[in-house]
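Just below is one structure, and these are the notes that go with it.
The values are calculated or read from the model by the stated rules, or taken from the named source; none is laboratory data. All values derive from a computational prediction rather than experimental measurement. Here the Cβ positions follow ideal geometry from the backbone for every residue, glycine too, while neighbour counts run over all protein chains shown. For the accessible areas, the whole protein counts, side chains as well, though only heavy atoms, and no ligand, DNA or RNA atoms are used. Shrake-Rupley method; radii C 1.70, N 1.55, O 1.52, S 1.80 Å.
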Amino acid sequence: MTEDHDRADRTKIGEDDLPALARGCAVLGGGGGGDPLVGVLMAGEAIRRHGAVDLVDLADLPADGLVMPCGLVGAPTIAIEKLENGGEGGRLVEEVQALTGRPVVAIMPFEIGGSNGLIPLTWSARLRLPYVDADGMGRAFPTMPQMTMNLAGVPSSPCVMTDERLNTLVIRTGGVGWTERLLRSSTAAFGGAAVAALYLMDVETARRATVPGSVSRALALGTAMARPAGDSLDPVDVVVGELDAVELIRGKVIDVERETAGGFVRGSVIVEDAAAGRLLRLEIQNENLAALEDGAVRACVPDIITVLDTRSGEAIVTEKLRYGQRVAVLAFGCPDVWRTPEGLAVAGPAAFGYRFPYSPVDPGHDRAC
């Protein structure tokens, strides 16, 4: 899309960059996208074997080159235990090239959140393909229609799926609704988690259909979060300052309800600020979707709601939220494209079945909504 971004003067991603990238992806993912630790381990091994990955802007690629958006699909709770065998990225590229008759010139994460900001990087390293500094969400969302490529009219079909056994499936549909339905049901058949490539497009299309600078943004955020030993700054305050975020509550997790069904993790989490006598409830579908207090909506999709550990400042993905954790819940603005009528139609509260309207996070006030 057309948003401005500050691209770091970085042309390669090495092993030393991975902790910062993981921290940034975890925050931007709004609790979703999978555990970034899995991505760090996989990308670290690949980079040690094959070398640092070229990070490229779409402006630096040939306009007619083929870009492959890709990543993990399914339930994050299952993906933690159902690790890759290392060949999935190569299988996706082989199938995409066979389907299109064109070489893939670069790999792009379809979302920047959680491990999905890192796992495609693993494939870039192994295949010696550049990694695009952009993504299709600017955060993480649970379903395939919730990508900027869909808003830009890029076909989601053909979609290629594979798993750790290299079982491979090609889905051809007439629209993204069917792509989502068949991909989701197929993910269950794959065992609850798989990897996929879809929204295949040329570079010229990607320049207008994606969120630019996503990888650089995650790296910059994660670097700012890395505090030197002895630093007395509150780690949560650092993230609030970097993102112009609203701190919704700081307290203890006192209840977690979570189940895996239909390829998603759904549930709710309650955070208590005992000193103030306040309770905040988070609604979850892979990502944190809404934060409610006393029946009022404090923040909601498409804005980003993230839970941080108050001691370390590290983001906690939804599948790792536990009773007793001391956390801070932050909300901050999403990429502008999601606040358009078209964006809200596929990623606003109504798209998730909520009846309340979207109200954007306002960092100038203590309440987001």
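Observations on the model:
- The residue pairs whose first member lies in the range 291-311 and is over 11 Å from E247 (Cβ atoms) and of a type outside the set (S, T, Y), whose second member is open to solvent by 10 Å² or more (accessible area, probe 1.4 Å) and assigned to a strand (DSSP E or B), and whose beta carbons are closer than 6 Å, counting only pairs six or more residues apart or on different chains, are L292/R281.
- Residue tally, condition surrounded by fewer than 24 Cβ atoms within 10 Å (Cβ to Cβ) and assigned to a helix (DSSP H, G or I), over the range 64-87: 2
- Given (1) in contact with a helix residue (DSSP H, G or I) (Cβ under 9 Å, 6 or more places away or on another chain); (2) outside any loop (DSSP other than H, G, I, E, B), number of the condition R91 does not satisfy: (1)
- E95, sole failed condition from (1) more than 23 Å from L289 (Cβ to Cβ); (2) open to solvent by less than 30 Å² (accessible area, probe 1.4 Å); (3) acidic (D, E): (2)
- Cβ-Cβ distances below 9 Å connect the following pairs, each with a first residue in the range 80-100 that is under 14 Å from A46 (Cα atoms) and modelled with pLDDT under 90, a second residue that is among the basic types (K, R) and assigned to a helix (DSSP H, G or I), and a separation of six or more residues or different chains: G86/R126.
- Test: N116 is outside any helix (DSSP H, G or I) and of a type in the set (S, T, N, Q): no
- Residue pairs meeting the criteria (Cβ under 6 Å; at least 6 apart or on separate chains; first under 11 Å from L118 (Cβ atoms), in the range 43-57; second of a type in the set (F, W, Y)): V53/Y131
- The range 160-178 - residue that is outside any loop (DSSP other than H, G, I, E, B) and touching a Cys at 6+ places or on another chain (Cβ under 8 Å) and, of those, surrounded by the most Cβ atoms within 10 Å (Cβ to Cβ): I171
- Residue tally, condition surrounded by fewer than 16 Cβ atoms within 10 Å (Cβ to Cβ) and closer than 15 Å to G113 by Cα, over the range 321-349: 0
- The lone exception for P142 - which of (1) outside any helix (DSSP H, G or I); (2) more than 19 Å from L183 (Cα to Cα) it fails: (2)
- Qualifying residue in the range 254-268 (condition: β-branched (V, I, T) and over 23 Å from P145 (Cα atoms)): yes
- Selection within the range 35-63 - outside any strand (DSSP E or B), among the aliphatic types (A, V, I, L, M) and within 19 Å of the chain's Cα centre (by Cα): L37, V38, V40, L41, M42, A43
- Verdict on M137 being farther than 19 Å from L18 by Cβ and aliphatic (A, V, I, L, M): yes
- Among the conditions (1) over 15 Å from G348 (Cα atoms); (2) open to solvent by less than 50 Å² (accessible area, probe 1.4 Å); (3) of a type in the set (G, A, S); (4) modelled with pLDDT of 95 or more, the only one that A290 does not satisfy is (1).
- Among (1) closer than 30 Å to E259 by Cα; (2) open to solvent by 10 Å² or more (accessible area, probe 1.4 Å), the one test that P103 misses: (1)
- Only listed residue being open to solvent by 30 Å² or more (accessible area, probe 1.4 Å), within 23 Å of S156 (Cβ to Cβ) and out of contact with any strand residue (DSSP E or B) (no Cβ under 9 Å at 6 or more places or on another chain), chosen from R207, R181: R181
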